[in-house]
Amino acid sequence: MADYTIKVRRFQPESGEGPYWEEFNVDLDPSLSVLDGLLQAKDRDDGSLAVRCSCRAAICGSCGMKVNGQSTLGCKTQIGEAQEQADKMVGAAGVSAAVADSPIRGEGSDLGSAGNPIVIEPMGNMPVIKDLITDMESTHWTKIRRVTPWLLPHGEPPEREYVVEPESMIDITQSMACIQCGACVSSCLSMEADPGFIGPAALAKAYRFVGDPRDAETHERLHDLADDPHGIYDCTHCFSCIDACPKGVAPMDQIMRLRRKAGEEGIEDPNAGHDHEIAFVKVIEKKGLLDEALLVQESYAPGIKGKLKPSKRGLTETIKSLPTILRPLRKRKVKLRQAIPGLHHGLPKEAMGDVKSIYAHAEEHSEELNLYIRGEEGDDAQPDGAAAEEVTND
Amino acid sequence: MPSHDVLVIGAGLAGQRAALAAAEEGVSVGIISKVHPVRSHSNAAQGGINAALNPGDSWESHAFDTIKGSDYLSDQDAVEIMTREAPEEILHLEHLGVTFHRNEEGKLGTRAFGGASAARTYYVADITGQAIMHVLYEQLMKYSEQIARYEEWFCSSLAIDENGECCGVVTRNVADGQVELFQAKSVILCTGGNGMVWKPSTNALICTGDGIAMAYRAGAKLMDMEMIQYHPTTLAGKGFLITEGARGEGAHLLNAKGERFMERYAPNKMELASRDVVSRAEQTEINEGRGFPDGTVALDITVVPKKRVHEALREIVLVGRDFAGVDITREPIHIKPGNHYTMGGVKTDVDGRTDIPGLYSAGETACVSVHGGNRLGANSLLDTLIFGKRSGRDAAARAKRIDYARASKQVLEDEENLVADIISREKGSGRRISEIKLELGQTMDAKVAVFRDEAGITEALETVRRLKEEAKTAYIDDHGSVFNQDLLGAIELGYMLDNAECTCVAALERKESRGAQYRTDFPERNDTDWLKHIDLERTDDGPEISYSEVTITQWEPQERTY
Ligand SMILES: Cc1cc2nc3c(=O)[nH]c(=O)nc-3n(C[C@H](O)[C@H](O)[C@H](O)COP(=O)(O)OP(=O)(O)OC[C@H]3O[C@@H](n4cnc5c(N)ncnc54)[C@H](O)[C@@H]3O)c2cc1C
Ligand code: SF4
Ligand code: SF4
Ligand code: FES
């Protein structure tokens, strides 16, 4: 047992008052969860403290909230760990600015543990209904319904099961693992800028159908998601949703898969994201360092040097990028030779050997990062790089 | 007044399946759930769902395993229906989009489960319940024109017309506190189990036995209420479940001396004997001092290849890590038997019909009975789907035959009075709701669990009756309308106490040991006197006991060994 102070951002809609902070002292085992702490406060001190919860085991997706500023599930965050995290934070960092100066009620942190209080807020990017309860219908479920979230198979089903590649089922099981908790939506930076963005959870759900070999509308689905200005190209690749997701769904990865599939379907990416990705890989492979100017050129007009005629779009996009290229030039952050495609220096020959071996390794291990497949790679060897990151985050 | 031909209460697997089946018949359907449907407890089912679909397997074999597992208390006609219809249901789910595990040929693959004579459990990694439920919810969204969804509406009582038929329900919109009388020609109760009556439990906080209590209060019979399953592998203290799939994949149970003790209790099936058998074995080891100091034994998953663990048991890798701080691929994890499943419930026939015309029930709330004294792993999801489907169809057929009956406003008034009474109680005037729940849960776990006897059950019953009195004056803090969870908690407590009382009465009545009911004062099964169901009906003085026959078609009771 240990004492903790939890500082909860509260809002009682029927009181006529704005949001405020309230501190509760709780005592429980450090291995119990932040949700257990909230429930103790509710049981002992104030039954009006509102929080959705049911399974207490990170399965039902009810208890999305922000703990110390990070979107997560209350039942999946151990209170001891949340305390350590809170202690590392300075002042009220991580608390949303809008309410940082709201009045504080309650018992006061001096009664509880010595450190900072554990700060608990409702999820972001969603209207708050009461205390930690947010309106998920308007911000989450409408988006889910937006992606035609049901299987659209071709014709009548077979007499037995559909026979499909075992890997394809494992592949989409990663997005099936989504519990619709909204933590990713709460954390999404694009959503903050564009509330109309379909968003990480709904796009992960979309991949569950696009990646499903039984679905017959892959092409239409991809077009729909690509043509929507709030669709797959609205994601800024910020990784927040991957960090927030409690189930390893990695919504951003699902979005990137959608983009790749869209590229394969010949769908033009208004931001040239997919071409940009390929160009990036190509440029690094060639020079070992990033030649930004060559990157722009390769992204919009791949292979133009002497051989091909640049497409009209390639030229316009390159010209449109000029101000972006010129600004650092003017501020002398970039030398002129760096701004001309191909003139940027590369890595020395010896170092290029290392770059080549990285590429060779990547080629050999080109399979997608999917937690359901990862186990097959094997026993004791720690998964390297991104995979290891993934394990600690999900 | 909102009205629907068929009104489904509860949106877990049973409820969603019932709603879809009714809608297919062309009637108007409403589905009500106190939490958003995908939050329902069905998503906790990790292990899988049984069906005799593999070549070489047969429904008879599945039926026999189920009946033997039930300790011969299940009704065999119902078991036959469930096991015969199982393969078609699996294929139906697959066609709707469930991402079932495939074998190398790309066809449906299976895993082994306890009490089964063949590997016939179909699964999606270890998120089977979740995957199926989310796919059914996809279908609910698809058919939103035929099926109206009332998400986060709390149903509190049933409306019975002057002919004694069920004609609607009283429901509260959780978001704004508005209370409505919904009219319906058929009502299907699919509100899940009552695990919260015990503490700890593997069940979710919402599993408070609401439907069982509502039906009981309205005059429907309950059956097999003494049969409460304790699952063999739950985490000590918190009650989290480690799926039976772990043992299905080959994990061992060890006592503190490192012995694989199941050799002594079930030499053939070992860890994969029926749950009641394994739970009793563990509890015996613990009681006789061969457990660990924290009152547990160990589950050793390290004997399962790591690759397989990551592929098929990912969820419990996470549970071990997040909730017990144990890497199950490297070290054994401490477990003990814990409250898990309600075999009993609202007595129904094979089409979900209860004793009250117009009132149906399916899923964990209902007792058909296919599970009898002990449910086999992976048979519950099947039960929810098969009998959800059948009750949805029959409820629709009834709705086509009859007109709406007029529901008296009395139920609505009663409800409003109850709420006003709870809210008017002064702070400090009685006990807190949470205190009463805790005392109830601990009492039931101590006295009406794996091993029972007359003295213990009697004590528990007395406690429950005292708590019922105390609940009448227990106060709440929240007096508002919006998301008043405090108020709902007080109403749920009432349901929990009714459930507890019925379980105690039935457990006291059954003077033998069968399935989950093990009486240390009557340690033998006694087919001569007790091969029968205990039915309970509400009176002002508590549940009244009667008996009903167990239906036996082709499997005569035998001695049960594993
Ligand atoms: C941890 C765990 C693992 C399991 N694993 C398996 C497995 O592998 N295989 C298997 O076959 N079975 C398994 N089971 C059992 C199985 O999951 C359940 O028995 C089954 O899902 C119950 O489904 P249901 O539809 O009857 O009820 P639930 O899914 O519990 O749904 C109940 C519904 O009723 C609603 N409700 C309740 N009260 C009210 C009210 N007053 N007003 C309005 N709505 C209300 C709820 O909101 C919910 O929507 C497991 C159970 C647990 C606890
Ligand atoms: S990666 Fe994309 S979807 Fe994910 S949080 Fe960032 S912007 Fe949103
Ligand atoms: S993708 Fe992850 S974070 Fe987002 S809703 Fe699903 S489970 Fe939650
Ligand atoms: S309570 Fe279910 S996810 Fe937290």
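Which of the lysines could be linked to B:Lys347 by a straight reach, that is with a Cα gap under 16 Å, when you skip same-chain ones fewer than 8 residues away?
B:Lys221, B:Lys532
Compute the FRET efficiency between B:Ser546 and B:Ala446 as 1/(1 + (r/R0)^6), taking r as their Cβ-Cβ distance and R0 = 22 Å, and round to the nearest 0.05.
Efficiency, rounded to the nearest 0.05: 0.15.
Taking a cut-off of 16 Å between Cα atoms, list the aspartates and glutamates near A:Lys349, but don't count ones fewer than 8 places away on the same chain.
Result set, ordered by chain and number: A:Glu285.
For B:Lys238, go through the aspartates and glutamates and keep the ones whose alpha-carbon is under 15 Å away, minus same-chain ones fewer than eight residues off.
Leaving aside aspartates and glutamates fewer than 8 places away in the same chain, those within reach of B:Lys238 are A:Asp29, A:Asp36, B:Asp294, B:Asp322, B:Asp445.
Could you estimate the translational diffusion coefficient of the protein assembly as shown from the Stokes-Einstein equation, with Rh from the Kirkwood formula over C-alpha pairs, at 4 °C and 1.567 mPa s, in whole µm²/s?
Here the translational diffusion coefficient equals 44 µm²/s.
Modelling each spin label as a point 7 Å along the Cα-to-Cβ direction, I'd like the B:Asp403/A:Glu220 distance in nm, to one decimal.
Placing both labels 7 Å along Cα→Cβ, they lie 4.3 nm apart.
Quick one, could you list the DSSP H helices from chain B stretching 27 Å or more along their long axis (Cα atoms) with average Kyte-Doolittle hydropathy of 0.5 or above?
Qualifying helices: B:485-509.
With charges only on Cβ, +1 for K and R and -1 for D and E, what is the dipole size of chain B about its Cα centre, in debye, rounded to 20? Before the final figure, lay out each step's value.
Values: 62 positive and 87 negative charges, 261 e Å.
Computed about the Cα centre, the dipole is about 1260 debye.
Pop out a list of residues from the range B:30-56 that are at least 40 Å² less accessible with all the protein chains around than in their chain alone; 1.4 Å probe, no ligands or nucleic acids counted.
The answer is B:Arg39, B:Asn43.
Please identify every one of the trypsin sites (Lys or Arg not before Pro) in the range B:264-349 that sits in a loop by DSSP and has no more than 16 other beta carbons within 10 Å of its own beta carbon.
B:Arg290, B:Arg330
Can you bin the range B:254-368 into rounded, prolate or oblate? Criterion: square roots of the alpha carbon gyration tensor eigenvalues sorted a ≥ b ≥ c, rounded for a/c under 1.5, prolate for a/b above b/c, oblate for the rest.
Details: a/c = 2.55, a/b = 1.77, b/c = 1.44.
Prolate, because a/c is 1.5 or more and a/b exceeds b/c.
Which longest run of chain B has no exposed loop site in it, a site being GluC sites (Glu not before Pro) in a DSSP loop with at most 16 other beta carbons within 10 Å, and the site itself not part of the run? Don't jump to the answer; show the numbers that get you there.
Details: sites that count: B:Glu104, B:Glu105, B:Glu145, B:Glu162, B:Glu259, B:Glu288, B:Glu426, B:Glu524, B:Glu559.
Looking at chain B, B:289-425 is the longest stretch - no exposed GluC sites (Glu not before Pro) with at most 16 other Cβ atoms within 10 Å.
Once both labels are modelled 7 Å past Cα along the beta-carbon direction, what's the B:Asn268-B:Asp421 spacing in nm?
It works out to 5.5 nm between the two label points.
Could you sort out which of B:Lys68/B:Lys336; B:Lys34/B:Lys409; B:Lys34/B:Lys472; B:Lys437/B:Lys472; B:Lys68/B:Lys107 sit more than 18 Å apart by Cα distance in this structure?
Result: B:Lys68/B:Lys336; B:Lys34/B:Lys409; B:Lys34/B:Lys472; B:Lys68/B:Lys107 exceed 18 Å.
Quick one: which residues, 5 or more positions from B:Arg102 or on another chain, have an amide H under 5 Å from its amide H? H modelled 1.01 Å from N in the peptide plane, none for Pro or chain starts.
The list, which skips near neighbours in sequence, is B:Gly109.
What residue among B:Thr128, B:Gly209, B:Gly15 has its Cα farthest toward the positive end of the dipole of the protein assembly as shown, where the charges are +1 on Lys, Arg and -1 on Asp, Glu, each on the Cβ?
Towards the positive end, the residue furthest out is B:Thr128.
Once you order the gyration tensor axes a ≥ b ≥ c over the Cα atoms, which shape class does the range A:156-254 get: rounded for a/c under 1.5, otherwise prolate or oblate by comparing a/b with b/c?
Oblate, since a/c reaches 1.5 and b/c is not below a/b.
In nm, to one decimal, how far is the A:Ser138 label point from the A:Val281 one, both placed 7 Å along Cα→Cβ?
Roughly 4.2 nm, to one decimal.
Please get the size of the charge dipole for the protein assembly as shown, origin at its Cα centre, with Cβ charges of +1 on Lys and Arg and -1 on Asp and Glu, quoted in debye to the nearest 20.
Computed charge dipole of the protein assembly as shown: roughly 2880 debye.
Which shape class applies to the range A:1-97: rounded if a/c is under 1.5, otherwise prolate when a/b exceeds b/c and oblate if not, where a ≥ b ≥ c are the square roots of the Cα gyration tensor eigenvalues?
Rounded, since a/c falls under 1.5.
The values are calculated or read from the model by the stated rules, or taken from the named source; none is laboratory data. Because the structure is a prediction, the values reported are computed rather than measured. Ideal geometry is used to build each Cβ from the backbone, glycine not excepted, and the neighbour counts take in all protein chains shown. What goes into the accessible areas is simple: the full protein's heavy atoms, side chains included, and nothing from ligands, DNA or RNA. Shrake-Rupley method; radii C 1.70, N 1.55, O 1.52, S 1.80 Å.
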